[in-house]
Ligand code: AMP
Ligand code: ZN
């Protein structure tokens, strides 16, 4: 499989460091507020990557941090601690805030069918790890103490800008706003490894360290947690594009200075979800959440479908209209899966092999999820029995995560219930994919029949046939399907 590597600015064949395992690290959420659906775009795409790696037969160990300390309101070590800000806003303790929003994050993930990483580690659980790494960095001359804080000296590196020296645009897209100068820094890009001093109200959680009581900088947590669980090398590191600079750049600086060798091979960055008024941002306070989508009647998986329709390396514009379209298409897809009724035929292995190849080719080309979705439609259109189609849909959906077969079963059950209800009520029942236009035509035809206007009924049946719709009359009502 080929993946675009932000570190080399090229699509490269993915080959893991160790043949038996892929080590994958994902920057986790800062748990001071709900995740917005922009954040979740990144987690959906990272989930697809993990699932596709597994689909390709790799064993994956995936680690994610939970930032519950040390992330200041700018990514460049200035401002208040985000967690403290959240605690003040809600009049709760920092730990209560962390617990509440961590649970909320995983509940959103569950609704979006995002698998929980194998290891989820809160930043506050690994303080000794960071102290060990920072001590070694100071000893090696990469770390210095100034104004009570420990800084990383970026001038000691041969190359600091990993992601943006080839392409200045990467930095422009990625950089987070609001970076101020810190007079303790020897060089503009130096960053804090350990804080004991802040000009803002102090962090609530503090630990003893060789440099005084304080707390870790944000960047060190990902290096520490990754090394704790995945050792000294990493295959893939992921995050949203705003993580590329300074967060990932600093992670690489400190990790490689500490290890004395290359740390991570592939860097994957997901472009942002934007609204027409710009980037969605947690710190601005106003944002769209999964709960809000649900309140407005959307299935969270329709949002997942919406994300998969576009490529992760392109910005995605959110609008309600776009989401409506995605939800309509998703519902139709589920209905088409629900219309596949298995008989007692065998799965056609030749069709499976050909269709699988089609899907692997799409996804293996830097996770082309929109072509991955097209592969689902190709299966539905294929010359094959329902058993074969269901097997393939289930197979591809292990990666796409749209819960297609589960939703199809639910739809069949709901339709069956509707049939028996309508039959009990003696009414006209229409079942099909849930397309309002077709439902209306089928209903008009049923009413025409009931009124013994057979000419109109036949005319409507012909009209539907021209649209590729077959109507079957059952004792309970009309059932339509695409042919
Ligand atoms: P945070 O909780 O702010 O640390 O962000 C969690 C993840 O969401 C990080 O990987 C960010 O890069 C990513 N992210 C932030 N904003 C967006 C956005 N608008 N679209 C996509 N990903 C985002
Ligand atoms: Zn990180």
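Any read-out appearing in this document is the output of simple, stated calculations on the displayed coordinates, not a laboratory observation. In this text, all values refer to a predicted model and were calculated from it rather than measured experimentally. Neighbour counts are summed over all protein chains in view; Cβ atoms, including those assigned to glycine, are modelled from backbone coordinates with ideal geometry.
Take 90-101, 356-367 and order them by the average number of nearby Cβ atoms within 10 Å per residue, most first; the result is 356-367, 90-101.
Against the chain, whose longest principal axis is taken from its Cα atoms, helix 94-111 shows a tilt of about 30°. Take the Kirkwood radius over Cα pairs of the chain, plug it into Stokes-Einstein at 37 °C and 0.692 mPa s, and you get 132 µm²/s for translational diffusion.
Estimated at 0.36 nm per residue, the fully extended path between residue 332 and residue 9 surpasses their Cα-Cα distance by 112.5 nm. For the listed peptides 128-141, 446-459, a ranking on the average number of other beta carbons within 10 Å per residue, highest first, reads 128-141, 446-459.
Relative to the longest principal axis of the Cα atoms of the chain, the long axis of helix 320-338 makes an angle of roughly 60 degrees.
With a Förster radius of 25 Å applied to the C-beta separation of residue 99 and residue 158, the computed FRET efficiency comes to 0.05. Take every pair of alpha-carbon atoms less than 8 Å apart whose residues are at least six positions apart; their mean separation over the length of the chain yields a relative contact order of 16 percent. For region 46-165, a Kirkwood hydrodynamic radius built from all Cα pairs, placed in the Stokes-Einstein relation at 10 °C and 1.306 mPa s, yields a translational diffusion coefficient of 90 µm²/s.
Report for the chain the percent antiparallel among DSSP-assigned beta bridges with both residues inside it, nearest 5. Among the beta bridges of the chain, antiparallel pairing accounts for roughly 50 percent. Taken over the C-alpha atoms, region 221-330 has Rg and Dmax values of 17.7, 53 angstrom. Here region 264-324 and region 193-232 have alpha carbon centers that stand 31 Å from each other. Between region 24-42 and region 382-406, the alpha-carbon centres lie 29 Å apart. Helix content alone sets the calculated 222 nm mean residue ellipticity of the chain: runs of n ≥ 4 DSSP H residues at -39500 (n - 2.57) each, divided across all residues, give -14500 deg cm²/dmol. Computing FRET efficiency as 1/(1 + (r/R0)^6) for residue 437 and residue 89, where r is the C-beta to C-beta distance and R0 is 41 Å, gives about 0.30.
Rounded if a/c is under 1.5, else prolate if a/b is larger than b/c, else oblate: which is region 280-347, with a ≥ b ≥ c the root eigenvalues of its Cα gyration tensor? It comes out prolate by the Cα gyration axes. Working from Cα positions, state the angle (0 to 90°, nearest 10) between the long axis of helix 37-55 and the longest principal axis of the chain. The angle comes out near 80 degrees. Note on residue 347 and residue 462: their simple-model spin labels are 4.5 nm apart, each label 7 Å out from Cα toward Cβ.
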